[in-house]
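Asker: The structure that follows is given in the form of structure tokens.
The values are calculated or read from the model by the stated rules, or taken from the named source; none is laboratory data. Quantities reported herein were computed from a predicted structural model and do not represent experimental measurements. Every residue, glycine among them, receives a Cβ derived from its backbone with ideal geometry; neighbour counts consider all protein chains shown.
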Amino acid sequence: MPAIELTNPAALPADWRDLFALTKPRVMYLVVFTGLCGLLAAPAMPPFVLGFTAILCIALGAGACGALNQWYEADIDAKMRRTAKRPLPAGRIDRQSALHFGVGLGVFSVLLMGLATNWLAAALLAASILFYVLIYTVWLKPRTAQNIVIGGAAGAFPPLIGWVATTGHFAPLPLLLFAIIFLWTPPHFWALSLFVRSDYAAAGIPMLPVVAGIENTRRQIFLYSLPMAAAAVAPWPLGLTGMAYGVSASVLSGVFIVLAARVLANRSTDPAQMAPEKKLFAYSVFYLFALFAVLVADRWLGA
Amino acid sequence: MKLEDEVVRRQRERARIMAWLLGGFVVLIFFITIAKTRMNW
């Protein structure tokens with residue numbers, strides 16, 4: 001056979017590294033961690049292998065969301081600097097392979113969750129995948145500035161799934177964990193979207209800073225951080241956690257509000273001058289990790 | 001690099017990873033079955 005020079009990478013079988021990148025592994029850490037905390041905070045511990053499988057299924061479900069999101073948004077990703085090097089816009093993988101990979105991963109994760117734990121957890125996992133892909137990615141994200149507010153529910157499912165995988169039923173604490181992530185998502189994403197808003201504007205995505213302006217977004221960040229802090233502290237006065245969690249959640253949330261107030265006070269429209277926004281974005285990731293870690297520690301120490 | 005060499009390299013690499021994943025899946029199903037059986041004892 002004559003030698004053919006490699007000119008079209010998408011015509012080749014996808015490299016496994018590109019398939020892995022489709023799952024957005026960096027986003028997966030937070031999803032897996034919050035799911036694990038939901039599982040560990042539950043009153044009963046499942047056998048190790050079932051707990052491990054539940055977390056694996058949450059990770060695979062999150063991977064399916066990432067792959068289907070990138071499949072649907074390949075043309076939008078190509079317009080943004082932050083995402084232009086992803087496997088689909090860079091042409092290293094074809095769209096059909098990404099679709100098959102995402103759907104296969106999603107179906108597999110739901111079936112395995114149902115077989116290993118219970119079908120309520122599997123139904124929640126299926127609902128979270130469908131919510132993220134259909135409600136957030138396809139419907140809300142390209143249409144409304146409130147995309148993150150409602151779409152945040154998709155990322156709030158993991159602790160609920162982790163809890164239900166262990167116990168088989170709902171309870172007030174995992175519903176509060178759901179509420180915390182739901183209310184945390186808007187200030188987290190809006191802080192990011194403030195300093196990358198030119199990217200979103202170029203891609204035609206109606207993120208809040210693009211549609212409603214920078215000042216309005218800063219005000220919304222601060223306003224959302226208040227109910228988020230209330231939800232974060234709530235498990236303590238409700239008697240669902242001990243004082244260690246209550247004090248830690250109060251301090252962590254207090255710092256969040258102070259950083260959100262600094263964002264509110266910032267008047268700059270230049271991304272280079274948006275240090276308060278960058279600081280809040282970085283802290284918001286730490287905040288969620290720390291809050292959930294303290295919750296598990298409190299539940300285990302108080303047990 | 002020749003196109004056919006790259007195709008073969010990628011196919012081999014993916015086949016190797018798929019074999020490991022399937023092996024891991026079989027082991028996982030085995031332990032899930034054991035754990036679920038014990039829960040019903």
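Asker: Which one of these does residue A:92 not meet: (1) closer than 30 Å to residue A:12 by Cα; (2) modelled with pLDDT of 95 or more?
Answerer: (2)
Asker: Looking at (1) modelled with pLDDT of 95 or more; (2) surrounded by 21 or more Cβ atoms within 10 Å (Cβ to Cβ); (3) over 30 Å from residue B:35 (Cα atoms), which is the one condition that is false for residue A:174?
Answerer: Tallying (1) modelled with pLDDT of 95 or more; (2) surrounded by 21 or more Cβ atoms within 10 Å (Cβ to Cβ); (3) over 30 Å from residue B:35 (Cα atoms), residue A:174 fails exactly one: (3).
Asker: Only residues that are under 22 Å from residue B:21 (Cβ atoms) and either buried (at least 21 other Cβ atoms within 10 Å of the Cβ) or among the hydrophobic types (A, V, I, L, M, F, W, C) (or both): list them for region A:86-98, please.
Answerer: A:87, A:93, A:98
Asker: Now for a different question. Taking residue A:39, is it in contact with a helix residue (DSSP H, G or I) (Cβ under 9 Å, 6 or more places away or on another chain), away from chain B (no Cβ under 12 Å) and either of a type outside the set (Ser, Thr, Tyr) or within 17 Å of residue A:121 (Cβ to Cβ) (or both)?
Answerer: yes
Asker: crowded, with 22+ Cβ neighbours inside 10 Å, more than 22 Å from the chain's Cα centre (by Cα) and of a type in the set (Ser, Thr, Tyr): is that true of residue A:34 in this structure?
Answerer: So residue A:34 fails the test.
Asker: Could you pull out every one of the helices (runs of 4 or more DSSP H) wholly within region A:188-269 that has 3 or more residues that are more than 21 Å from the chain's Cα centre (by Cα), surrounded by 16 or more Cβ atoms within 10 Å (Cβ to Cβ) and in contact (Cβ under 8 Å) with a residue 24 or more places away in the chain?
Answerer: Filter on region A:188-269 gives A:243-265.
Asker: While we're looking at this one, here's another question. For the subset of region A:97-135 comprising residues that are among the hydroxyl-bearing types (Ser, Thr, Tyr) and at pLDDT 95 or above, which member is nearest to residue A:156 (Cα to Cα)?
Answerer: Among those that are among the hydroxyl-bearing types (Ser, Thr, Tyr) and at pLDDT 95 or above, it is A:128.
Asker: Determine whether region A:63-71 contains at least one residue that is within 14 Å of chain B (Cβ to nearest Cβ), in a helix (DSSP H, G or I) and either within 26 Å of residue A:126 (Cα to Cα) or in contact (Cβ under 8 Å) with a residue 60 or more places away in the chain (or both).
Answerer: The answer is yes, given that some residue of region A:63-71 is within 14 Å of chain B (Cβ to nearest Cβ), in a helix (DSSP H, G or I) and either within 26 Å of residue A:126 (Cα to Cα) or in contact (Cβ under 8 Å) with a residue 60 or more places away in the chain (or both).
Asker: In addition: Could you please find all residues in region A:56-85 being closer than 30 Å to residue A:302 by Cα and buried (at least 22 other Cβ atoms within 10 Å of the Cβ)?
Answerer: Result: A:57, A:58.
Asker: Under 7 Å between Cβ atoms, at least 6 apart or on separate chains: pull out the pairs that start in region A:139-151 with a residue that is in contact (Cβ under 8 Å) with a residue 40 or more places away in the chain and end on any residue that is aliphatic (A, V, I, L, M) and in a helix (DSSP H, G or I).
Answerer: Close Cβ pairs (under 7 Å, with a partner that is aliphatic (A, V, I, L, M) and in a helix (DSSP H, G or I)) amount to A:145/A:208; A:145/A:211; A:147/A:140.
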